[in-house]
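Accompanying notes for the structure given below.
The values are calculated or read from the model by the stated rules, or taken from the named source; none is laboratory data. Nothing here was measured: the structure is a model prediction, and the numbers come from that model. Cβ: placed from backbone, ideal geometry, glycine included. Neighbour counts: every protein chain shown. Quick note on the areas: whole protein, heavy atoms, side chains included, nothing else; ligands and nucleic acids left out. Shrake-Rupley method; radii C 1.70, N 1.55, O 1.52, S 1.80 Å.
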Amino acid sequence: MNFFDQILAAYGWEGVALFLILAVLFSVQMYYYVFCYGRIASYKNNKRHVVRKEDTPLSVIIPMFSENYVFLENHLPRILGQDYPEFEVVIVYVGQDNDFFEDLQQLKRSFPQITVTKLHLDPRYPISRKMALNLGIKSAYHDCMVFTSVDAVPETQNWLRIMGKGFSRGDIVLGYCGMEEKEGFTPAMMRTWRMMDSANWLSAAVKHHPYRGILHNYGFTKDLYFDVKGFNYLAMNIGEDDLFMQRIIRNDNVSVVLSPRALVRERIWGGWGWWFNTMRYFSSARKYYSERVHNFVEWEKGSRLLFFLATLVALCVMPLEFKAYAALLFLIRLGIVLCEVKRISKRLGEKGLCRLYPLYDFFGWIGDAILSVMLIRKDERVWR
């Protein structure tokens with residue numbers, strides 16, 4: 001009697017099905033964490049061919065939709081202090097406060113690399129981020145442009161140097177943006193969620209199947225922008241870092257920057273309510289992604305949940321030796337996952353997340369389910 005017949009005789013067809021389900025789901029999880037996400041830690045961008053010199057001049061474009069003195073006092077100096085030979089900072093102010101705009105113009109007297117433009121805000125005619133970026137792109141002097149936001153701040157003075165080096169290997173540069181480091185359980189889980197959500201598109205990019213970036217830390221050339229006549233999905237207030245990127249991305253024109261020195265962090269403005277509302281807002285563009293991208297993202301989440309459920313069933317109803325088999329697969333997976341997450345977090349500059357990762361691993365599907373339910377209802381903020 002062969003091994004399969006022995007299992008069939010001992011556990012019946014239900015036991016055989018559960019045995020195979022556990023094995024298949026375990027294999028799917030290993031594919032994601034070892035062969036997909038694992039590439040992030042070992043990726044080397046310098047293997048790509050050189051398309052331009054490393055110290056090419058850069059334009060940093062930042063839209064500003066409020067009178068944000070916190071940005072001017074705390075974040076802007078971190079950008080102006082970047083260790084890079086030639087760059088400009090283009091600030092697009094969208095508002096009505098002439099005194100604040102005058103303050104912005106005064107900055108140019110002390111920092112000649114600053115360019116300030118203004119879009120007058122009229123409540124009757126809403127101005128989207130894409131409109132502000134379009135003005136910034138047209139005002140930029142240099143061909144290679146890096147985009148960020150007033151809510152993000154570079155971790156080091158080498159951010160632009162690494163992004164500029166990225167432009168030497170491609171016309172599109174994708175960087176990583178983590179969440180602000182704050183004390184407490186909720187900020188740590190937000191950081192973990194951001195890291196693993198980014199792992200999907202970062203791993204796809206390093207596998208030469210890119211489909212998006214992140215609006216706080218990415219870049220592309222003017223030629224790419226004007227070749228397609230600007231942004232698409234103009235009726236939406238979002239999409240410049242994913243739907244538009246899918247329009248200009250090719251397998252051979254993307255340079256992925258993975259370095260703690262190129263890390264920027266987005267400010268955390270609230271708790272779980274703020275987080276889910278923010279995720280709902282930006283996730284509204286996902287329904288326009290290709291089927292291939294949807295399948296890639298959802299298979300990991302689905303296989304993880306099903307693996308946990310199948311393990312739970314085995315531990316509850318199956319004989320002792322089957323319980324041992326299920327527990328062994330569970331522990332092997334957990335060990336490999338923690339090892340890969342540690343490597344990824346080190347590469348991206350995220351610290352102190354591994355000890356909390358099992359909680360995200362086991363219960364993250366609850367947050368995904370909440371977000372999916374929220375996305376059923378149309379978010380009016382998305383549409384103009």
Pull out all pairs, ordered by first then second residue, where Cβ-Cβ is under 8 Å, the residues are six or more apart or on different chains, the first lies in the stretch 347-359 and is part of a helix (DSSP H, G or I), and the second is open to solvent by 50 Å² or more (accessible area, probe 1.4 Å) and at pLDDT 90 or above. ARG347/PRO260; LEU348/PRO260; TYR357/LEU338; PRO358/LEU338
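Name the single residue, out of those in the stretch 316-333 being hydrophobic (A, V, I, L, M, F, W, C), under 11 Å from LEU22 (Cβ atoms) and in contact with a helix residue (DSSP H, G or I) (Cβ under 9 Å, 6 or more places away or on another chain), that is surrounded by the fewest Cβ atoms within 10 Å (Cβ to Cβ).
Residue satisfying both the conditions and the ranking: ALA327.
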Hey, could you check the stretch 83-123 for residues that are of a type outside the set (D, E, K, R) and in a helix (DSSP H, G or I) and say which is farthest from VAL153 (Cα to Cα)? ASN98
Going through LEU22, LEU72, LEU18, LEU80 one at a time, which residue ends up being crowded, with 16+ Cβ neighbours inside 10 Å, aliphatic (A, V, I, L, M) and under 17 Å from SER149 (Cβ atoms)? LEU72
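Please verify whether LEU338 is surrounded by 14 or more Cβ atoms within 10 Å (Cβ to Cβ) and part of a helix (DSSP H, G or I), treating the condition exactly as stated. Steps first, please.
Details: surrounded by 14 or more Cβ atoms within 10 Å (Cβ to Cβ): yes; part of a helix (DSSP H, G or I): yes.
Yes: the conditions hold for LEU338.
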Name every residue in the stretch 135-163 that is more than 20 Å from GLU67 (Cα to Cα), open to solvent by 10 Å² or more (accessible area, probe 1.4 Å), in a helix (DSSP H, G or I) and touching a residue at least 24 places away in the same chain (Cβ under 8 Å), in order of residue number. SER139, ARG161, ILE162
Would you confirm whether or not the stretch 59-82 contains a residue that is part of a strand (DSSP E or B) and either among the charged types (D, E, K, R) or on the phi > 0 side of the Ramachandran plot (or both)? no
Out of curiosity, is ARG343 open to solvent by 50 Å² or more (accessible area, probe 1.4 Å), at pLDDT 95 or above and out of contact with any strand residue (DSSP E or B) (no Cβ under 7 Å at 6 or more places or on another chain)? yes
